[in-house]
Amino acid sequence: MAAAAAGAAGWRRKRHRDGDDFIGGAEGAPGGDTRPKPSGKKAKRAGSPEPTEDPQGHFGGKPGDLVDKRYEIVSEAGKGTFGRVLLCKDQKHSGRLVALKAVRSIPKYVEAAKLEASIMRDVNRRDVDGQSLCVKYFRSFEWHKHFFIVTEPLGNSLYDYIKANDYRPLPLFCVQAFADQLLTSVAFLHDMRLVHTDLKPENVLLRSRKPLTRTHKLTCTREPTPVLAPASTSIRLIDFGGATFDSGRKSALINTRQYRAPEVILGQGWSMASDLWSVGCILMELYTGRLLFSTHDSHEHLALMECCLGAFPERMRHAGQAAKFFHRSTGGLRYWDSPDKESLAHVTRMRKLEFTVHPRDNVFLAFVRTLLTFDPAERATAAEALNHPFFVSVRGVVAPPVAAPAGGGASTPSVSSDATLRPAAAAKPAATAKPAEPAAKP
């Protein structure tokens, strides 16, 4: 029992993402606020109409305050390194609810937010039929030294959903519905020649803000315990702060580490295919409840990939910065030369993908394999992935009946979804955007 508890603590300890933007450990991370911290509370100016601000530059609005003579703050929906997200009533639109992203008053965060707003505006302008499944952007503005982005209000992230289920596997029908929509959104962006560069469960939000209260039995025998399911599996993609046009200037390093494609680690350049690797990692995390590659080190990361997916292609062992990670003579990973005991134990526990996926879910295994392909040239595109047999059915199950409430009583209705599973004869084409003019990202 103690050993099992220690093992669980190990993978949960490693669960924190590199560059995590969520409160609870991000303030000291690289890229955080480096300004000198003033001692004590900021003194109020007599008669100043400006809203308060904490020492880290976070907007100090509170429930009941009015922003830009228009947005009445209802509550705080989230807080992170970038700033705060506030749920507000838009007084100019009959009090409709909106999400107000209040960016910290730090120049680099403000500039990044302005770029994100520009990308969101472009995506929404091209999304004439609502097919992008990206968060709906309304407007952005500056007010009292802070930059604000106004969007539709959304629910919890898929990471929140995983966490609420205590990191247990999610129902396969949910995995399928999320995969369908996420790939549809990625296909739309790629049709614009736009790479998201930071796909992860934290950046995929449920549309419904209702609590996860309905329980379902899993759609396979991986675990008999009922799990929570959302009121609707409809999702939206968020966070375009790192989005880059494929032909534009590119950073050497992208993605939160655990979702980073091998070509990025090996310094071999990257393109839209890197997003598909991230999607594969996300889907495996939804399927198992755990990070596929739980690591904070590039050498260890590559070793985990090989243990899970097999040997790297010969070409990738010699291109780019491969010499840092592979021996030229043997082609073997340098990681194995002198790994520390803790890391070695972690890597050797890595299971092959075939043994991670339940035998009954062989279609899902084949599907994920097309995304977790080492060579980006051989990796499935979003449009190709959307036409995989995995989206025809999940062993004939669309959505299982909801478990009856404790103490008897009738079952509640099945989970609803705006992304209804496709009939066997249908093959869904990728959503398309109006032709985009690729532009270099400043």
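No value in this document is a laboratory result; all are computed from the given coordinates. Predicted model, so just to flag it, every value in this text is computed and none were measured. When we count neighbours, we look across all protein chains shown, and the Cβ atoms used for this are built from the backbone with ideal geometry, even at glycine.
Numbers below:
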{"read-out": "Neighbour cut-off at most 15 other Cβ (10 Å), DSSP loop, GluC sites (Glu not before Pro), the stretch 326-389", "value": "Glu378"}
{"read-out": "Order of His358, His327, His58 - criterion: other Cβ atoms within 10 Å of each residue's Cβ, fewest first", "value": "His327, His358, His58"}
{"read-out": "In the stretch 74-165, the trypsin sites (Lys or Arg not before Pro) that fall in loop regions by DSSP, at most 14 other Cβ within 10 Å", "value": "Lys145"}
{"read-out": "Sorted by Cβ density within 10 Å, fewest first, the residues Asp129, Asp180, Asp160", "value": "Asp129, Asp160, Asp180"}
{"read-out": "Check: the stretch 65-151 dipole with +1 on Lys, Arg Cβ and -1 on Asp, Glu Cβ, in debye", "value": "120 debye"}
{"read-out": "The stretch 138-203: projected area of the alpha-carbon convex hull, averaged over directions, in nm²", "value": "6.6 nm²"}
{"read-out": "Per-q log10 I(q)/I(0), the stretch 230-290, q = 0.18, 0.24, 0.27 Å⁻¹ (Debye; single scatterer per alpha-carbon; no solvent)", "value": "-0.74, -1.13, -1.29"}
{"read-out": "Binned Cα-Cα distance frequencies in the stretch 341-390 - 5 Å width, integer %", "value": "4, 19, 20, 17, 17, 11, 7, 3, 1"}
{"read-out": "Net lengthening on full extension, Ser251/Gln56 (0.36 nm per residue, minus Cα-Cα)", "value": "67.5 nm"}
{"read-out": "Nearest-0.05 FRET efficiency for Glu342 and Asp375, computed from C-beta distance (R0 35 Å)", "value": "0.65"}
{"read-out": "Size of electric dipole in the stretch 156-391: Cβ of Lys, Arg +1 and of Asp, Glu -1, about Cα centre, debye, nearest 20", "value": "360 debye"}
{"read-out": "Distance in nm between pseudo-label sites at Arg121 and Arg328 (7 Å out along the Cβ direction from Cα)", "value": "5.1 nm"}
{"read-out": "Two-decimal ratio, the stretch 113-168, of alpha-carbon radius of gyration to 2.2 N^0.38 Å", "value": "1.46"}
{"read-out": "Calculated from backbone phi, Karplus (6.51, -1.76, 1.60) coupling profile of the stretch 197-204 in Hz, x at Gly/Pro", "value": "6, 9, 6, 6, x, 5, 9, 10"}
{"read-out": "Potential lengthening between Glu76 and Ser94 on full extension [0.36 nm per residue; Cα-Cα distance subtracted]", "value": "4.4 nm"}
{"read-out": "Orientation-averaged projected area, Cα convex hull of the stretch 156-391 (nm²)", "value": "12.8 nm²"}
{"read-out": "Simple spin-label estimate for Arg139 and Asp160 in nanometres, 7 Å along Cα-Cβ", "value": "2.6 nm"}
{"read-out": "Rounded if a/c under 1.5, otherwise prolate or oblate - the stretch 65-151, Cα gyration tensor axes", "value": "oblate"}
{"read-out": "Proxy reagent accessibility, fewest Cβ within 10 Å first, across His318, His146", "value": "His318, His146"}
